[in-house]
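Before any comments, here is the structure.
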Number of protein chains: 2
Amino acid sequence: MSLNADGVARRRRGKELENALLDAAWAELTERGYDEFAIDRVATRAGTSRAVLYRRWPSKQDLVRAAVEHNTGEGPATAPDTGSLRGDVVALLRQTNERRQALVTVLMTRLDGFYRASGTTLADLAEAGSGDSVMREVLDRAIERGEVEPGQVSDRIAQLPVHLFRYEALMTLQPVPDPVIEEIVDTIFLPLVYGNR
Amino acid sequence: MSLNADGVARRRRGKELENALLDAAWAELTERGYDEFAIDRVATRAGTSRAVLYRRWPSKQDLVRAAVEHNTGEGPATAPDTGSLRGDVVALLRQTNERRQALVTVLMTRLDGFYRASGTTLADLAEAGSGDSVMREVLDRAIERGEVEPGQVSDRIAQLPVHLFRYEALMTLQPVPDPVIEEIVDTIFLPLVYGNR
DNA sequence: GCATTAAGAGACATTGCGTTTCTTACTGTC
DNA sequence: GACAGTAAGAAACGCAATGTCTCTTAATGC
């Protein structure tokens, strides 16, 4: 139960309460990680009881997933437009760092039971998050600028920067340093794109 | 307590017991995954009590890590020798499938608390397992055969097949299909190796 | 046989997840 | 304002798993 401006006990309802719950969950995830994430602590932090959480989300994993989406899922990342393919891809990966994708990638690996039950894979959600469509957009722009021919870049090569970024994030559990981003783009992605010319 | 050949109650000791414990742990991991892995069930399976396990490993995560190493860590994979660089790399990745690296990769992501505490990263253990040295060996052979020049392949490119393999395994939670292995080698790794010539 | 050590069993405490019941605040309608 | 319906919040419950402790006794070496 939270207090209003007059310090009088007051109950939140509906969307306001749900936002408070998801924000509390996110705070717990970012401060303690998944291992120490506990429903009880989320409830306490949000000033409510566990039953309130379970009325909305059937399990802990559902709550975690909802918290991730609520706090990072304002749609896919926007495609940067720096004037060059290299610039765009580097900027996209840097942007991905800023959106805490290292943490998100780790959290996603924790939800495999959830995905097993729903018949999807991590790859499905990963791609819905910040992957395919944005890289495609970046490449479309490069095509318009004449940097790349249409159909020149396979799907796998197109997604390679993001995949390697995620792998790196997962393996180190840290944001990916700029030099690594640049190495991925300059020594792997671009040679593959232009090697096909 | 296990039975000897005469069906007489008998206690195992030392290495014999430890192997039985690690084998039981591994069996539980492979049959149920990490989410349903429980110390109690390992103990029951090994015909012992939980206190016995805790005398050896301070926590559940330590036991999991030891089980992984015990069952997959008979040193790094051997470097295949098929007569060509492509053949070697494809064979290595297939071999990695057979050694259940999909499961191992997933398990490793579950132990991040462990790594945080010990100051290492997943990358450290991943590389100790089946990575760097084997790919280096494969490339050394390619150099001897004259397929590649010394110093032609950067570390990052050298490890790329294994990194992409692991990413794929993690994202799908399945063994990596042959066509994907071949795509990684044929459309990404080899063009990067030979594009530098 | 004796001393030492560790295996195995059983009991205990704590924590976290998930569930249920009850009270009551809140909203909308009459 | 009264009333009905709904959901918020609190408290209690049950269960499972982790980790711990104590005790008995098998096993080993001298």
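The values are calculated or read from the model by the stated rules, or taken from the named source; none is laboratory data. These numbers come from a predicted model, not from an experiment. Please note: Cβ atoms are built from the backbone with ideal geometry, for glycine as well, and neighbour counts cover all protein chains shown. The accessibility values were calculated without ligands, DNA or RNA, using every heavy atom of the protein model including side chains. Shrake-Rupley method; radii C 1.70, N 1.55, O 1.52, S 1.80 Å.
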Original post:
Say we look at region A:73-88 and pick out the residues that are at pLDDT 90 or above and among the polar types (S, T, N, Q); which of these is farthest from DNA strand D (Cβ to nearest atom)?
Top reply: A:84
Original post:
In region B:172-195, which residue that is of a type in the set (A, V, I, L, M, F, W, C) and not in a helix (DSSP H, G or I) is farthest from residue A:155 (Cα to Cα)?
Top reply: B:173
Original post:
Identify, please: which residue in region A:128-180 is under 19 Å from residue A:110 (Cα atoms) and modelled with pLDDT of 90 or more and is, among those, surrounded by the fewest Cβ atoms within 10 Å (Cβ to Cβ)?
Top reply: A:163
Original post:
For residue A:78, which of the numbered conditions (1) surrounded by fewer than 16 Cβ atoms within 10 Å (Cβ to Cβ); (2) outside any loop (DSSP other than H, G, I, E, B) fails to hold?
Top reply: (2)
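So is residue A:34 part of a helix (DSSP H, G or I) and hydroxyl-bearing (Ser, Thr, Tyr) or not?
On the way: part of a helix (DSSP H, G or I): no; hydroxyl-bearing (Ser, Thr, Tyr): yes.
No; evaluated as a whole, the condition is false for this residue.
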Subject >> Residues of region B:139-197 that turn out to be within 12 Å of chain A (Cβ to nearest Cβ) and either polar (S, T, N, Q) or touching a His at 6+ places or on another chain (Cβ under 6 Å) (or both), as a count >> reply: 7
**OP:** With the checklist (1) away from DNA strand C (no atom under 13 Å from the Cβ); (2) away from chain B (no Cβ under 14 Å); (3) closer than 30 Å to residue A:184 by Cβ in hand, flag the one item residue A:31 doesn't pass.
**Re:** (2)
**OP:** Output the number of the condition that residue B:91 fails; it satisfies all remaining conditions of (1) open to solvent by 20 Å² or more (accessible area, probe 1.4 Å); (2) more than 14 Å from every other protein chain (Cβ to nearest Cβ); (3) within 16 Å of DNA strand D (Cβ to nearest atom); (4) without any contact (Cβ under 8 Å) to a residue 24 or more places away in the chain.
**Re:** (3)
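Residues checked against (1) more than 14 Å from chain B (Cβ to nearest Cβ); (2) more than 10 Å from the chain's Cα centre (by Cα); (3) at pLDDT below 95; (4) open to solvent by less than 40 Å² (accessible area, probe 1.4 Å):
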| position | (1), (2), (3), (4) |
| --- | --- |
| A:60 | no, yes, yes, no |
| A:65 | yes, yes, yes, no |
| A:71 | yes, no, yes, no |
| A:99 | yes, no, yes, no |
| A:102 | no, no, yes, yes |
| A:108 | no, no, yes, yes |
| A:111 | no, yes, yes, yes |
| A:114 | no, yes, yes, yes |
**OP:** Pick out the one residue from B:51, B:38, B:24 that is more than 14 Å from chain A (Cβ to nearest Cβ), within 13 Å of DNA strand C (Cβ to nearest atom) and open to solvent by 40 Å² or more (accessible area, probe 1.4 Å).
**Re:** B:51
